[in-house]
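Working notes, beginning with the structure itself.
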Amino acid sequence: MMGGTRLRSACVGVMALAVAVTGLAGLGGSASAQTPKGSPLLIGALETQTGAAGATGKITTATDTLAAWAKWTNAHGGIAGHPVKVTVLNDKADPAQAKADLKELVEQDNVLAIVGSNATATEPGWKDYVDSQKVPVIGGTQYSANWFTDGLFYPVTTTVITNIWAQMFAAKNAGKTKLAALTCSNSTVCQAAVPIIKSAAVDNGVDVVYNQLADANAVNYTPQCLAMKDAGATVMSPQGVNNVTLIRDCDRQNFHPLIITTNYGYNLQQLQTTPQLVGLVGPSPQISPYNQYPATKDFFSAMKKYAPAYAPGGKQYINGAMLPAIAAWQAGQVFAMGIKKSGATSSSQPTRADLMKGLSTFKNETLGGSNPPLTYTDGTTPNPQVKCFYLYKTGKGKYIDYKQGSVPKLYCQP
């Protein structure tokens, strides 16, 4: 193995077809599990488990979730009569390591796709290698332009431009139109977001009175707080910076704007113990990983059984970032449906071309209501941007979704 941390999840069984009842479940065969007769379907992923700026400890959210997804899928029958195996490698936030990891997965392991990765520091640089190998990349955390400029990148959730647009929509929806935007200076993704923020604000009738970069790891943001206060900001959109420190420092300056968060960016412990974080609003590119709906029933059941730290009450559920978990799960489900729609049987050996053929049949596909509508091409032209999103607000120790009846409400950029 060239580097990284390898996770292999073997599987047994035949998957139940129950989309109408269980949403994300049942992308395979009959309701009773049977031993799969086909050869294993191999998929790979990269995760920045170590090496990320400002990170402490080892991050294995996507790794653990994909392992749980594979076990759940296999316990319910596999995919089109095939078992599934997952390999996750650690890119260490290093582009050279990521390239070596991709080469190992694609050329040595011969995976069908890269699925559900959590590697935002290196993913913007994958394009050339992905294009040279004609390997599909499905979902995961999605922050680069690859997801709407390259047909081999299949977005499973809202793309970054719409997610930024949704932040401005959330501000306008809350009646706040004097915006201060503070974005991290440590990432090219953050830097690229600055002009997008301004454009999205104009679209939503929001006046950007302050728009600057700051160190994601700064120990004090008092100068920025004072400048935003002097500019007359009534709402603040901090992205990629240390939000808890920022809010603390602004609070000390008697500056209390509405905070636009995004992507369920605070953990439940922070919402429980930090009063300043209660009452915030924001968008998410994915359905809530905290509030269970019929479409996410299987996600919660699988995590409870195979990765209990990520289930309600678990350590990671309370103290960690959960969005990469449900992002990895949904990417796995898209892969499974793509294989099934390709016409694969237990006696066939699906190829990357077969998978992309199956994905090309997606037309406003929501996977039983768990996703914004997904439409894909055959991989030769960019996939349409996913322009729908969810909104939430924060309570003490919890997230409160904006709903339409009993399901989360889906909003869309024009």
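Take the residues in the stretch 221-257 that are polar (S, T, N, Q) and modelled with pLDDT of 95 or more; name whichever of them is surrounded by the most Cβ atoms within 10 Å (Cβ to Cβ). The selected residue is Gln224. Taking the options Gly282, Gly343, name whichever one is outside any helix (DSSP H, G or I), out of contact with any Gly (no Cβ under 7 Å at 6 or more places or on another chain) and within 25 Å of Gln142 (Cβ to Cβ). Result of the check over Gly282, Gly343: Gly282.
Residue count for the stretch 89-110 satisfying the condition of being surrounded by fewer than 17 Cβ atoms within 10 Å (Cβ to Cβ), of a type outside the set (A, V, I, L, M) and assigned to a helix (DSSP H, G or I): 4. Among the residues in the stretch 150-157, are any surrounded by fewer than 23 Cβ atoms within 10 Å (Cβ to Cβ) and modelled with pLDDT of 95 or more? The answer is yes, given that some residue of the stretch 150-157 is surrounded by fewer than 23 Cβ atoms within 10 Å (Cβ to Cβ) and modelled with pLDDT of 95 or more.
Given the structure, is Gly279 in the same structural domain as Val189 (by TED's automatic domain parsing), surrounded by fewer than 22 Cβ atoms within 10 Å (Cβ to Cβ) and in contact with a strand residue (DSSP E or B) (Cβ under 7 Å, 6 or more places away or on another chain)? Yes. When you go through Gly379, Gly358, Gly332 one by one, which is the residue that is assigned by TED's automatic domain parsing to the domain that holds Ala67, under 24 Å from Gly38 (Cβ atoms) and assigned to a loop (DSSP other than H, G, I, E, B)? Unique residue meeting the criteria: Gly379.
So which of Thr60, Thr120 is hydroxyl-bearing (Ser, Thr, Tyr), surrounded by fewer than 24 Cβ atoms within 10 Å (Cβ to Cβ) and at pLDDT 95 or above? Only one candidate passes the filter, namely Thr60. Please enumerate the residues belonging to the stretch 198-228 that are assigned to a helix (DSSP H, G or I) and either under 28 Å from the mean Cα position of the chain (by Cα) or under 12 Å from Ala181 (Cα atoms) (or both). Once the filter is applied, which keeps residues that are assigned to a helix (DSSP H, G or I) and either under 28 Å from the mean Cα position of the chain (by Cα) or under 12 Å from Ala181 (Cα atoms) (or both), the stretch 198-228 yields Lys198, Ser199, Ala200, Ala201, Val202, Asp203, Gln224, Cys225, Ala227, Met228.
The values are calculated or read from the model by the stated rules, or taken from the named source; none is laboratory data. Being a predicted model, the structure only gives us computed values, none of them experimental. Please note: Cβ atoms are built from the backbone with ideal geometry, for glycine as well, and neighbour counts cover all protein chains shown.
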